Structure formats: C-alpha cells, structure tokens
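Read through the structure below, which is laid out as structure tokens, and then see the notes.
The values are calculated or read from the model by the stated rules, or taken from the named source; none is laboratory data. Computed from a predicted model, the values in this text were never measured in an experiment. Cβ: placed from backbone, ideal geometry, glycine included. Neighbour counts: every protein chain shown.
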Amino acid sequence: MIQPNYKQQLNIFIFLKRIIDISFAVFCLPFAILLIGIFSILIKLESPGPLFYIQERVGQYGRYFKVYKLRSMFIDAEKDGPKWALEKDPRVTKVGRFMRRTKIDELPQFINILRGEMSLIGPRPERPIFTAEFEEKYPGFTKRLLVKPGLTGLAQVSGGYNISPKVKLNLDLYYIEKMGIKLDMQILFKTIKVVCSGYGSR
C-alpha cells in the first residue's frame, strides 16, 4: 500500500514536473524554431521528401500519440517494414546523421511536451510494434508506460541505442521507482554531455 505522505509527495512532484516541462519548452521554443528553420532548408537541399517525420508512439497508460521529428532518413527508409536504426545506418542522410548525433531532429517534440503527451524527462516512447515485441520478449516492458515518456531519459544518457531493450527496461524502471527533481536534474545535465559528444546516437 502506498503511504499517504509518499502519495502526497508524488503528486507534488508530478505537478512541479509539469510546470518545469512547460517552462523549459516555452523558454527553448524560440531557439528550437530557429534551428528547425535552418535544418529544414538543409534537409530540402539534400533529399526530396517531407521536412517532418510523424510517427505513432505509445504514451502513458498505453495511449497512442503522434511524435514529431525532423526527417533524418531517406523517404524510402522503411520500404521493407519497420526496423530499429542500425549503427552507421545507410538509410540516414548526411544532414540526418548530424541531427541525430546532436538530437536536433528531436526538437519538434517540444510541441508534444506542451500538449502534455510527453515530459522533458522520462522513458523514451516506443512504436506500438516494438512495444508489443519487447513485452513478449521481456515481460514487464509495458511498466514503462506508468509515466509520461520523455524527450530524454536515464536509458538515453546511459547508452541510448547502444544498450539492449532489457537493459533499457531496467534503467527505465529504476527511474520510475526513484524519480524526483534531483534525478531529473542529473539526467538533464548528462543529456547536455551526450548532445555534445554524440554518444549513443545512430
């Protein structure tokens, strides 16, 4: 049974987390719009196709939502069906490779944060097909859906694409169990280091 004091503290944290999410997104939005504008031109110059990549993901409590990204792959990237990004993936454009390394392709997700579909910090949202696949392989994977998915998270700053779904699950469950302002700040600062180094990107 959840203790009353713990439940109250959790509710306060969730409220503060939402305030921080909105404040951070609003503060960063002008800079994000500038970068999106610059890279939209570069995307168009390099390859034909839409500027944005809109994809269905699984959010909190299993609700589906559309996630927004700057297109980093060629338009026929999934002609053979959905697949995870590979290391040195040939489907990724030159501009896309830089955006993925610096996480610039994720900037449109500030819209998802403002809409309340995502948080700044939390488990990264997976596609429905992969969520079902990983739940079958690693029972309990859907426990990640107890909280809002994040723009960045503990698994991302601990290896990103370089870690297995099982390790990713363990890290996400650890975050859910220990989540708080202090842990969120630690993940945020580590995210800055990851963005600067490009560690764990594909």
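Would you call ILE192 free of Cβ contacts under 8 Å to residues at least 24 places away in the same chain, under 25 Å from ASP89 (Cβ atoms), of a type outside the set (Gly, Ala, Ser) and surrounded by fewer than 17 Cβ atoms within 10 Å (Cβ to Cβ)? Break it down stepwise before answering.
On the way: free of Cβ contacts under 8 Å to residues at least 24 places away in the same chain: yes; under 25 Å from ASP89 (Cβ atoms): yes; of a type outside the set (Gly, Ala, Ser): yes; surrounded by fewer than 17 Cβ atoms within 10 Å (Cβ to Cβ): yes.
Judged against the criteria, ILE192 is a match.
Do you know which residues across region 131-156 are touching a Pro at 6+ places or on another chain (Cβ under 8 Å) and surrounded by fewer than 17 Cβ atoms within 10 Å (Cβ to Cβ)?
Selection gives LYS137, TYR138.
Only one of LYS66, LYS88 is charged (D, E, K, R), modelled with pLDDT of 95 or more and under 28 Å from ASN162 (Cα atoms). Can you tell me which?
Details: LYS88 fails: modelled with pLDDT of 95 or more.
Criteria check complete, one pass: LYS66.
Can you report the number of residues in region 133-190 which are of a type in the set (Ser, Thr, Tyr) and either part of a helix (DSSP H, G or I) or within 17 Å of ASP21 (Cβ to Cβ) (or both)? Reasoning before the result, please.
In the first step, residues of region 133-190 are kept if they are of a type in the set (Ser, Thr, Tyr); the result is 138, 142, 152, 158, 161, 164, 174-175.
Filter once more, so that each one left must be either part of a helix (DSSP H, G or I) or within 17 Å of ASP21 (Cβ to Cβ) (or both): 142, 152, 161, 174-175.
Result for region 133-190: 5.
When you check PHE130 against the structure, is it assigned to a helix (DSSP H, G or I) and free of Cβ contacts under 8 Å to residues at least 24 places away in the same chain, yes or no?
Values: assigned to a helix (DSSP H, G or I): yes; free of Cβ contacts under 8 Å to residues at least 24 places away in the same chain: no.
Answer is no for this residue.
With (1) touching a Lys or Arg at 6+ places or on another chain (Cβ under 9 Å); (2) at pLDDT 95 or above; (3) of a type outside the set (D, E, K, R) as the list, and THR131 as the residue in question, which single condition is left unmet?
(2)
Mind listing just one residue for me: the one in region 106-144 that is in contact with a strand residue (DSSP E or B) (Cβ under 9 Å, 6 or more places away or on another chain) and among the hydroxyl-bearing types (Ser, Thr, Tyr) and, of those, nearest to ILE181 (Cα to Cα)?
Only one residue fits best here, namely SER119.
When you look at ILE104, is it surrounded by 14 or more Cβ atoms within 10 Å (Cβ to Cβ), closer than 19 Å to ILE20 by Cβ and β-branched (Val, Ile, Thr), yes or no? Explain how you work it out, then say what you get.
Numbers: surrounded by 14 or more Cβ atoms within 10 Å (Cβ to Cβ): yes; closer than 19 Å to ILE20 by Cβ: no; β-branched (Val, Ile, Thr): yes.
So ILE104 fails the test.
If you check every pair at least six apart or on different chains, which have Cβ atoms under 7 Å apart with a residue in region 8-36 that is within 14 Å of LEU107 (Cα to Cα) first and a residue that is assigned to a helix (DSSP H, G or I) and not aliphatic (A, V, I, L, M) second?
ALA25/PHE110; CYS28/PHE110; LEU29/PHE110; ALA32/PHE110; ILE36/PRO108
So which residues in region 157-179 are surrounded by 14 or more Cβ atoms within 10 Å (Cβ to Cβ), of a type in the set (D, E, K, R) and modelled with pLDDT under 90?
LYS168, the sole residue that qualifies.
May I ask you to list the residues in region 107-123 that are crowded, with 20+ Cβ neighbours inside 10 Å and not polar (S, T, N, Q)?
The first filter runs over region 107-123 and keeps only residues crowded, with 20+ Cβ neighbours inside 10 Å, leaving 107, 109-110, 112-113, 117-123.
Hits for region 107-123 are LEU107, PHE110, ILE113, GLU117, MET118, LEU120, ILE121, GLY122, PRO123.
Give the residue, chosen from ILE75, ILE33, that is at pLDDT 95 or above and not charged (D, E, K, R). Spell out the reasoning first.
Details: ILE75 fails: at pLDDT 95 or above.
Of the residues listed, the single one that is at pLDDT 95 or above and not charged (D, E, K, R) is ILE33.
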